[in-house]
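The values are calculated or read from the model by the stated rules, or taken from the named source; none is laboratory data. All values derive from a computational prediction rather than experimental measurement. Note that each Cβ is placed from the backbone with ideal geometry, even for glycine, and that neighbours are counted across all protein chains shown.
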Amino acid sequence: MDFGIFFSPVPTGETTYLGWLLQGLRTTIALSLASWVLALALGTLLGILRTVPNPGLRAFAGSYVELFRNVPLLVQLFVWYFVVPELAPGGHRFKQIDPFTQQFLASAACLGLFTAARVCEQVRAGIESLPRGQKNAGLALGLTLPQTYRYVLLPMAARLIVPPLTSETLNVFKNSAVCSTIGLLELTAQGRQLVDYTAHAYESFLAVTALYLLVNATIQLLMRAVESRARVPGYLGSRK
Amino acid sequence: MYEFDWSSIPGSLPFLWQGMMISLGITIVAVAAGIAWGTVLAVMRLSPSRPISLFATLYVSLFRSVPLVMVLLWFFLIVPSLLRDVLRLSHATDLRLASAMVGFSLFEAAYYSEIMRAGIQSVSKGQSSAALALGMTPLQAMWHVVLPQAFRNMVPLLLTQAIILFQDTSLVYVSALADFFGAAYKVGDRDGRLVEMLLFAGAVYFVLCSAASWGVRVLRRRVLA
């Protein structure tokens, strides 16, 4: 074991090997945040669609979840990176931007849309866990259906689903490691690059694992604070 | 417009089939070993002894905090040299499959242990009290009375986790082991037909996993009924 390796400069000389890992960590965090925003927005919309009266919209959101849940994340990532630019109009322009941006965009789209399917199911469960009387009361007061969602159902559901969303937050962050397979230099990829350059596999993997544990613990602490603020007093979800 | 050419698929079916056998092999080993070790961990976690439950808690939270890709990289690094030392194998022996199986089993055990813990806690307290009153030791009560019921309650969740595990086996890609996905990628790369092979692989996973999920839904209705 020689942890001094982290402080020696990389071949190009502009930083140390530790600098490489920290760059990777920054990419991992940026990617997780970008995908998480996309997943929350799209997942919430799909989750609402799964509970509306219109059967067409419900079926659309249902098929989305089926599709994105039953194909492995790695396959989805390769489809976003290798297949979509070939088939989509304007794909040739995508292939001209710099490789890092290409990899980052494909990864964010992939992780975001993959996680949206999971967020969708949590949002749906949150809305369905509310007593039916809430929706009926909203409609009976003369609110339109969108108003009932906006002012009655969603504010309650949003607070109820914070605990399951904590684990989805952790999942997005952990799943971002898969994006090392298309060459995106996030934390795992930087760790592997370090092994290729220095042959210090144990030191490198230990450092990368420690960084993952650190960020994981930080997210858990943050989300615990959010959970305690979002808790609905006297509600089933507030046990603990 | 992109011109599709699916002609790589028929000729490569035997190779893809071999890959599928590797994917399924890893899945079956990891599900069996993961459930067994996960159940032991769940029982340890609920044990009255502090050090035992602390060990299980640390194990589970460690494996749940690290990405699967990273866990697999660790196992592809450590297991081969360990096994070579213990079994005195030559360096030419390919141990990637064994490493993948060990890695997936130990990783999935952490997730299975959470499911089994919920299962054990779902069995009413009177069951184990009654078993103890009949003169069983705590371990006998666990094995003969609590675990069979916990297992039955959790069958749908255990199977759903197995479907997720099957999808995750594609990540052995990081070791260049030719599982189903790796085989499809290699064929696509060789023939310059990556688009078609990736779509084909995705479709196969989709059909298999949807069918399995549907089966689990039917089963769940029966278990609940």
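Please enumerate the residues belonging to the stretch A:113-138 that are under 30 Å from A:Ile182 (Cα atoms) and buried (at least 23 other Cβ atoms within 10 Å of the Cβ).
The first filter runs over the stretch A:113-138 and keeps only residues under 30 Å from A:Ile182 (Cα atoms), leaving A:113-122.
Within the stretch A:113-138, A:Phe114, A:Thr115, A:Ala116, A:Val119, A:Cys120 meet the criteria.
What are the pairs, 6+ residues apart or on separate chains, where a residue within the stretch B:197-224 that is under 18 Å from B:Ile164 (Cα atoms) has its Cβ under 9 Å from a residue that is among the basic types (Lys, Arg)?
B:Cys209/A:Arg69; B:Ser210/A:Arg69; B:Ser213/A:Arg69
Of B:Leu54, B:Leu77, which residue is away from every other protein chain (no Cβ under 13 Å) and part of a helix (DSSP H, G or I)?
Details: B:Leu77 fails: away from every other protein chain (no Cβ under 13 Å).
The match here is B:Leu54.
Six or more apart or on different chains, Cβ under 9 Å: which pairs go from a residue in the stretch A:176-201 that's at the interface with chain B (Cβ under 9 Å from one of its Cβ atoms) and crowded, with 23+ Cβ neighbours inside 10 Å to one that's assigned to a loop (DSSP other than H, G, I, E, B) and not acidic (Asp, Glu)? Could you list them?
Listed by first residue and then by second, the contacts come to A:Ser176/A:Leu184; A:Ser176/B:Pro67; A:Ala177/B:Val66; A:Ala177/B:Pro67; A:Val178/B:Pro67; A:Leu187/B:Pro67; A:Thr188/B:Pro67.
Mind telling me which of the residues B:Ala212, B:Ala178 ends up being under 19 Å from the mean Cα position of the chain (by Cα) and either buried (at least 19 other Cβ atoms within 10 Å of the Cβ) or at pLDDT below 95 (or both)? I'd like the intermediate steps shown before the answer.
Values: B:Ala212 fails: either buried (at least 19 other Cβ atoms within 10 Å of the Cβ) or at pLDDT below 95 (or both).
Exactly one of B:Ala212, B:Ala178 is under 19 Å from the mean Cα position of the chain (by Cα) and either buried (at least 19 other Cβ atoms within 10 Å of the Cβ) or at pLDDT below 95 (or both), namely B:Ala178.
Yes/no per residue for (1) in a helix (DSSP H, G or I); (2) surrounded by fewer than 18 Cβ atoms within 10 Å (Cβ to Cβ); (3) on the phi > 0 side of the Ramachandran plot:
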{"site": "B:Tyr2", "(1), (2), (3)": "no, yes, no"}
{"site": "B:Trp6", "(1), (2), (3)": "no, yes, no"}
{"site": "B:Gly19", "(1), (2), (3)": "yes, no, no"}
{"site": "B:Ile22", "(1), (2), (3)": "yes, no, no"}
{"site": "B:Gly25", "(1), (2), (3)": "yes, yes, no"}
{"site": "B:Ala30", "(1), (2), (3)": "yes, no, no"}
{"site": "B:Leu41", "(1), (2), (3)": "yes, no, no"}
{"site": "B:Met44", "(1), (2), (3)": "yes, no, no"}
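Yes or no: A:Leu194 of a type in the set (A, V, I, L, M), within 15 Å of B:Leu73 (Cα to Cα) and in contact with a Ser or Thr (Cβ under 7 Å, 6 or more places away or on another chain)? If you could, list the steps in order and put the result at the bottom.
Numbers: of a type in the set (A, V, I, L, M): yes; within 15 Å of B:Leu73 (Cα to Cα): yes; in contact with a Ser or Thr (Cβ under 7 Å, 6 or more places away or on another chain): yes.
Judged against the criteria, A:Leu194 is a match.
Quick check, is A:Phe173 closer than 30 Å to A:Phe3 by Cβ, out of contact with any Gly (no Cβ under 9 Å at 6 or more places or on another chain), among the aromatic types (Phe, Trp, Tyr) and buried (at least 21 other Cβ atoms within 10 Å of the Cβ)? First the steps, then the outcome.
Values: closer than 30 Å to A:Phe3 by Cβ: yes; out of contact with any Gly (no Cβ under 9 Å at 6 or more places or on another chain): yes; among the aromatic types (Phe, Trp, Tyr): yes; buried (at least 21 other Cβ atoms within 10 Å of the Cβ): yes.
It is true that A:Phe173 is closer than 30 Å to A:Phe3 by Cβ, out of contact with any Gly (no Cβ under 9 Å at 6 or more places or on another chain), among the aromatic types (Phe, Trp, Tyr) and buried (at least 21 other Cβ atoms within 10 Å of the Cβ).
Kindly indicate whether any position in the stretch A:87-100 is in a helix (DSSP H, G or I) and surrounded by 18 or more Cβ atoms within 10 Å (Cβ to Cβ). Spell out the reasoning first.
Just the residues of the stretch A:87-100 that are in a helix (DSSP H, G or I), to begin with: A:87, A:91-94, A:99-100.
Of the ones still in play, those that are also surrounded by 18 or more Cβ atoms within 10 Å (Cβ to Cβ) are none.
Checked against the condition, which is being in a helix (DSSP H, G or I) and surrounded by 18 or more Cβ atoms within 10 Å (Cβ to Cβ), the stretch A:87-100 yields no hits at all.
Report those helices (runs of 4 or more DSSP H) wholly inside the stretch B:94-203 carrying at least 1 residues which are within 14 Å of another protein chain (Cβ to nearest Cβ). Show your work before the answer.
Values: elements: B:96-122, B:125-133, B:138-141, B:147-168, B:180-191.
Passing ranges, in order: B:96-122, B:147-168, B:180-191.
Can you pull out the residues in the stretch A:52-69 that are in contact (Cβ under 8 Å) with a residue 24 or more places away in the chain and over 18 Å from the mean Cα position of the chain (by Cα)?
Of everything in the stretch A:52-69, those that are in contact (Cβ under 8 Å) with a residue 24 or more places away in the chain and over 18 Å from the mean Cα position of the chain (by Cα) turn out to be A:Val52, A:Pro53, A:Ala61.
Check off (1) without any contact (Cβ under 8 Å) to a residue 40 or more places away in the chain; (2) under 30 Å from B:Phe180 (Cα atoms) for B:Ile9 and give me the number that stays unchecked.
Going through (1) without any contact (Cβ under 8 Å) to a residue 40 or more places away in the chain; (2) under 30 Å from B:Phe180 (Cα atoms) one by one, B:Ile9 breaks only (1).
Looking at A:Val232, A:Val226, A:Val208, which is the one that is in contact with a helix residue (DSSP H, G or I) (Cβ under 7 Å, 6 or more places away or on another chain), in contact (Cβ under 8 Å) with a residue 24 or more places away in the chain and outside any helix (DSSP H, G or I)? Working first, answer last.
Working: A:Val226 fails: outside any helix (DSSP H, G or I); A:Val208 fails: outside any helix (DSSP H, G or I).
On inspection, the qualifying residue turns out to be A:Val232.
Suppose we keep only residues that are touching a residue at least 40 places away in the same chain (Cβ under 8 Å) and within 17 Å of B:Leu147 (Cβ to Cβ) within the stretch B:46-74. Which one would you say is surrounded by the most Cβ atoms within 10 Å (Cβ to Cβ)?
If we take residues in the stretch B:46-74 being touching a residue at least 40 places away in the same chain (Cβ under 8 Å) and within 17 Å of B:Leu147 (Cβ to Cβ), then B:Ala56 is surrounded by the most Cβ atoms within 10 Å (Cβ to Cβ).
When you go through B:Ala118, B:Ala150, B:Ala98 one by one, which is the residue that is within 23 Å of the chain's Cα centre (by Cα) and within 18 Å of B:Val29 (Cα to Cα)? Explain how you work it out, then say what you get.
Values: B:Ala118 fails: within 18 Å of B:Val29 (Cα to Cα); B:Ala150 fails: within 18 Å of B:Val29 (Cα to Cα).
None of the others qualify; the one that does is B:Ala98.
Counting just the residues of the stretch A:70-94 that are under 17 Å from the mean Cα position of the chain (by Cα) and more than 7 Å from every other protein chain (Cβ to nearest Cβ), which one comes out farthest from B:Tyr2 (Cα to Cα)?
A:Leu73
How many of the residues in the stretch A:52-69 are within 10 Å of chain B (Cβ to nearest Cβ) and surrounded by fewer than 19 Cβ atoms within 10 Å (Cβ to Cβ)?
So the count comes out to 2.
Within the stretch A:41-48, identify whether any single residue is in contact with a Phe, Trp or Tyr (Cβ under 8 Å, 6 or more places away or on another chain) and either at pLDDT 95 or above or farther than 30 Å from A:Leu160 by Cβ (or both), and answer yes or no.
Restricting attention to the stretch A:41-48, the residues satisfying the condition of being in contact with a Phe, Trp or Tyr (Cβ under 8 Å, 6 or more places away or on another chain) are A:46, A:48.
Now narrow it down to the ones that are either at pLDDT 95 or above or farther than 30 Å from A:Leu160 by Cβ (or both): A:46, A:48.
Looking for residues that are in contact with a Phe, Trp or Tyr (Cβ under 8 Å, 6 or more places away or on another chain) and either at pLDDT 95 or above or farther than 30 Å from A:Leu160 by Cβ (or both), one finds at least one in the stretch A:41-48, hence yes.
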